[in-house]
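Report on one structure; see the data block that follows.
No value in this document is a laboratory result; all are computed from the given coordinates. Source: prediction; values computed, not measured. As a convention, Cβ positions derive from the backbone with ideal geometry for all residues, glycine included, and neighbour counts pool all protein chains shown.
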Amino acid sequence: MTRYSTRIAAPAACAAAALVLTGCGGGGSASGGAAELDVATLTNAQSLDPADAIGSALPFFQATYDTLIKRDADGSYKPMLATQWSYDKDRTHLSLTLRTGVKFTDGTAFDAAAVKANLDHFKNGGGGGAKYAKSVKDVKVVDPAHAVLELSEPDPGLLFYLSDAAGLMASPAKLKDGSLKTAPVGTGPYVLDKSKTAVGTKYVYDRRDDYWGEKAKFTTLTISVFDNETAVVNGLKTGQIDTAVLQDAGQQQAVASDGRLTRTPFAFDFQGLLLFDRNGVRTPALKKPEVRQAINYALDRKTMLDKIRQGRGEVTDQVFGPGTKGYDPSLDAYYPHDPAKAERLLAQAGYGNGFTLKLPRVPSMGDALASSIQTDLGAVGIKVAWDQMDAAGAVQKVYRDRAYSAMVMNIGQPDVDWLTDQDLVTPGAFNMFGTTDPAVRRLLGQVQAGDDAAAAAASKELNKYLVEQAWFAPFYRMKYLLVAGDGVKAVPQSGMGVPSVYDYAPAS
């Protein structure tokens, strides 16, 4: 399956994983009182330039860069480099009051001009998260301590973005020379130790004693990159790794009886079949809502969850997560497993003899998942033809060539409704054929421009409409496991598949 930006995803080489495991200070140091933290991840930061920051790679950046707004573990917003913020009546101007007296580690002052330079850099830098700043038309520098973000249209997700990748602040003196890719210069609680860092394998950060805010809780932060969870679990069990998020159900079971480890379950992703081609460009059958509904009725989600994830999760038929205003518990079971009804819907749509659905399959998709989908859909006459490919080939063919009508993916479910709208409903990477209709446009407009109550009502109506029209075919929300050694306390982070660097503390 392909993992989305909020996922722990990008692999490193096996040899690199072995090197990390044998070369880190790890949990022994943390539990021994030296206040060193070693975090294991399957995500690699290809660059440390904030323009390239996205999703589960964010901790690599949070160590050295502060954001304008801080997002606590529970999703609430707190002051960071911006101490106050407020919208105008039309919600097209966001005024920021900035912290004074803060300097980047190269001595450059943090001020409103730096905010403007960074947002321009992020928006125009070509990174995967650049779209999250698309509503920022201009940044007006009022004076060194005040800036106004002028928006092309209201953006209900903007505060989230400013607490995420779009809000990372780097020294404006370094934005144009390319050096930030390997030598980050921010105002954050750590500095990168380049002498101990092996790019792509291990990143070591040293605590700043001159940090403007609360001193980091660990003297050293190491983020170690692995390519498989088996190696991560070995590191957790031996104490060479302090903490990690485990996605695989088998690996979660492998740590279930280890009394030295604390285990915190949490849900963030759903796994499902994204039906891109609702216009019927590649697969004409998918243009019919009845066909998409038939796909949903054909899937035996409960058996899939029990077989593939050992029951770790909850079945769902909606893409909006439980923390959103649009979430409706009744929609989790909107499409019960009903092959007979699926067959009737296919016949009603003119596909009583079935059709072929060609899907990409990347190496990370297990045989059990592929078999379940193929069996369930095949039972009602939909032949699944898997196209084997590597991850790089999938990116080219799926997103650039638009060669497939659907794909099995893991997608994050943040608590901000507008983030789901932007990622899955509006035209873009996951609505690559630009599907829309008058009802969707009307409801999106109400979510975007309405007050809190009106936006919540519109979001709930939009979610119900998308489920009824079968825009997607989710399987289940997956339970992940945040694991920590006996010297570390770790808390899941709202809006991310991994904790922020601020979500760790010595257990004592």
Legend entry - Where only alpha carbons of segment 441-508 are counted, the Rg and the Dmax (Å): 18.7, 52
Inset, instruction - Between the alpha-carbon centers of segment 244-262 and segment 53-80, tell me the distance in whole angstrom. - result: 26
Inset, instruction - List SER95, SER372, SER86, SER224 from most exposed to least, where exposure is judged by having the fewest other Cβ atoms within 10 Å. - result: SER86, SER95, SER372, SER224
Legend entry - Qualifying lysines (Cα of each under 30 Å from Cα of LYS194; at least 8 residues distant if same chain): LYS70, LYS103, LYS116, LYS123, LYS174, LYS176, LYS181, LYS202, LYS215, LYS217, LYS237, LYS489
Legend entry - Solvent-free Debye scattering, log10 I(q)/I(0), computed from the Cα coordinates of the chain at q = 0.07, 0.08, 0.10, 0.14 Å⁻¹: -0.39, -0.51, -0.80, -1.44
Inset, instruction - Under 12 Å Cα to Cα from LYS341, which aspartates and glutamates show up? Leave out anything in the same chain fewer than 8 places away. - result: GLU290
Inset, instruction - For segment 304-454, just run the numbers: alpha carbon Rg, then divide by 2.2 N^0.38 Å, N being how many residues it has. - result: 1.18
Legend entry - Helix 112-124 vs. the chain, principal-axis angle (Cα, 0 to 90°, nearest 10): 30
Inset, instruction - Would you give the gap between the C-alpha center of segment 172-238 and the C-alpha center of segment 429-508, rounded to a whole Å? - result: 28
Inset, instruction - Past 18 Å, Cα to Cα, is the threshold; run LYS89/LYS460; LYS358/LYS397; LYS131/LYS358 against it and keep the listed order. - result: LYS89/LYS460; LYS131/LYS358
Legend entry - Structure-based [θ]222 nm, the chain - -39500 (n - 2.57) summed over DSSP H runs of at least 4, per residue, nearest 500: -7500 deg cm²/dmol
Inset, instruction - Considering only DSSP beta bridges where both residues belong to the chain, give the percentage that are antiparallel (nearest 5). - result: 80
Inset, instruction - Arrange HIS121, HIS337 by Cβ neighbour counts within 10 Å, fewest through most, would you? - result: HIS337, HIS121
Legend entry - Kirkwood Rh and Cα Rg combined as Rg over Rh, evaluated for segment 66-172: 0.93
Legend entry - Gyration tensor (alpha-carbon) shape descriptor, segment 236-353, a/c threshold 1.5: prolate
Inset, instruction - For the chain, find the longest principal axis of its Cα atoms and tell me its angle to the long axis of helix 438-449, 0 to 90°, nearest 10. - result: 20
Legend entry - the chain - percent relative contact order, Cα under 8 Å, separation 6 or more: 22
Inset, instruction - Tell me the label-point distance for the pair LYS181, ASN234, using the 7 Å Cα-to-Cβ offset, in nm and rounded to one decimal. - result: 3.2
Legend entry - Ranking of LEU273, LEU162, LEU369 by count of other Cβ atoms within 10 Å, fewest first: LEU369, LEU273, LEU162
Inset, instruction - Considering Cα pairs under 8 angstrom that are at least six residues apart, work out the relative contact order of segment 290-369 and quote it in whole percent. - result: 38
Inset, instruction - Using only Cα atoms, tell me the angle between helix 367-378 and the longest principal axis of the chain; keep it within 0 to 90° and round to the nearest 10. - result: 30
Legend entry - Charged-residue dipole, Cβ positions (Lys, Arg, Asp, Glu), the chain about Cα centre, Debye nearest 20: 700
Inset, instruction - Please identify every one of the chymotrypsin sites (Phe, Trp or Tyr not before Pro) in segment 211-248 that sits in a loop by DSSP and has no more than 16 other beta carbons within 10 Å of its own beta carbon. - result: TRP212
